[in-house]
Amino acid sequence: MDATNPANAPRPPRRKTRAGKATFQHRLEYAGVRAAGLILRMAPVGWTSAVMGGVLGAIMPRTSRHQRALEHLALALPELPAAEREAIARRMWRNLGRVSGESFQIDRLVNQTARVEMPADIDRFVALWKDGAVNASAHLGNWEITGVLAKANRLPFAAVYQKLHNPFVETYLKAMREPAYPAGLYPKGPQLAYTMLRLLRDGVSVGMAADFRELRGIPVRFFGQEAYATPFPAILARMTGKPLIAGAVTRTEGVNFRVSLREIPVPHTDDRDADIAAATQALHDAFEEWIRAAPDQWMWSHRKWASQNRRRAD
């Protein structure tokens, strides 16, 4: 049985999860996701992407998250007219809808390399990845498409992800994502740092999204405002001596994308904390540049600029 094929995905676990025993609600949610998946996987990916974009584009502007997105846009891009920020937020929801639709076919999309435009200097980055590198991406365009880099270049590549509370949906969706990451998907948790260090020292490249707020992180300047960021990519790069590479995948048209890559300098001085802070800031500078170029493809509803003491859930 091919466990990476969602049609042959292993049966949902019946053991206890970190959130406790599986509940009736878990089963109900799983049934809904499987039903949606049946439809969305049968249809052409262009149709799936467009329909889900239309659905979220119609629903989400009516929710409180839309207002939050507008508040963040006003904070980060005050020079834009209110009408333009409104238009950006509405296009953002359509893009996120497309991402959700495409996620049901991500195991197929990562093999469709013709849909992805690579940077002119891609060979330089392939050479870095062959010996292991730390890759940090933004939630821009469709960030899951980064898996095409490993598939296209036959590279061992591992990724970090946030495990879902629903064990049934977790098993089902993880089976779709696994083909994009030949060296494995690793959930956030107490053993993650050790695992990432081991993989990097073995010459495996690792990837993670690093643009979201981290309340236990370090301050950075992001769109001219103080925000909190994870120092994890910079820490890994400094500890191992491996390159730190920032990346983003922006949507060009429909289900087609462009990859942007940048090597981030990681200082090695006597001041470890200052080195990590400098690399984390440089990483966010790259993210900001790419987001400014495609503001309707970033997740403005995320509370990136929440204060360190504010612990409301997103």
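The values are calculated or read from the model by the stated rules, or taken from the named source; none is laboratory data. Fair warning: this is a prediction, and the values are worked out from it, not measured in the lab. Positions of Cβ are generated from backbone atoms using ideal geometry, with glycine treated the same way; all protein chains shown enter the neighbour counts. Surface accessibility is based on the protein's heavy atoms, side chains included, excluding ligands, DNA and RNA. Shrake-Rupley method; radii C 1.70, N 1.55, O 1.52, S 1.80 Å.
Values as computed for the structure displayed
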{"quantity": "Yes/no for residue 161 being in contact with a helix residue (DSSP H, G or I) (Cβ under 7 Å, 6 or more places away or on another chain) and open to solvent by 10 Å² or more (accessible area, probe 1.4 Å)", "calculated": "no"}
{"quantity": "The stretch 152-164 residues that are touching a residue at least 12 places away in the same chain (Cβ under 8 Å) and in a loop (DSSP other than H, G, I, E, B), paired with ones that are among the aliphatic types (A, V, I, L, M) and open to solvent by 10 Å² or more (accessible area, probe 1.4 Å) (beta carbon under 7 Å, 6 or more apart)", "calculated": "156/183; 156/204"}
{"quantity": "From 62, 85, 90, residue being open to solvent by 60 Å² or more (accessible area, probe 1.4 Å), among the basic types (Lys, Arg) and either under 25 Å from residue 222 (Cβ atoms) or in contact (Cβ under 8 Å) with a residue 24 or more places away in the chain (or both)", "calculated": "90"}
{"quantity": "Members of the stretch 250-288 that are of a type in the set (Ser, Thr, Tyr), farther than 22 Å from residue 219 by Cβ and outside any loop (DSSP other than H, G, I, E, B)", "calculated": "250, 260"}
{"quantity": "Hits in the stretch 146-161 (condition: under 28 Å from residue 93 (Cβ atoms) and either basic (Lys, Arg) or at pLDDT 90 or above (or both))", "calculated": "159, 160, 161"}
{"quantity": "Per-region count, the stretch 65-81, residues part of a helix (DSSP H, G or I) and open to solvent by 70 Å² or more (accessible area, probe 1.4 Å)", "calculated": "3"}
{"quantity": "Complete set of residues in the stretch 37-75 that are farther than 23 Å from residue 291 by Cα and under 22 Å from the mean Cα position of the chain (by Cα)", "calculated": "37, 40, 41, 45, 46, 48, 51, 55"}
{"quantity": "Members of the stretch 104-142 found to be assigned to a helix (DSSP H, G or I) and crowded, with 20+ Cβ neighbours inside 10 Å, listed by number", "calculated": "106, 109, 125, 129"}
{"quantity": "Scope the stretch 213-236; condition at positive phi and either crowded, with 16+ Cβ neighbours inside 10 Å or within 14 Å of the chain's Cα centre (by Cα) (or both); matching residues", "calculated": "223"}
{"quantity": "Residues (within 15 Å of the chain's Cα centre (by Cα) and open to solvent by 40 Å² or more (accessible area, probe 1.4 Å)) located in the stretch 177-212", "calculated": "177, 178, 186, 187, 188, 209, 212"}
{"quantity": "The lone exception for residue 274 - which of (1) open to solvent by 30 Å² or more (accessible area, probe 1.4 Å); (2) touching a Pro at 6+ places or on another chain (Cβ under 6 Å) it fails", "calculated": "(2)"}
{"quantity": "Candidates 203, 207, 247 - the one that is part of a loop (DSSP other than H, G, I, E, B) and in contact (Cβ under 8 Å) with a residue 24 or more places away in the chain", "calculated": "203"}
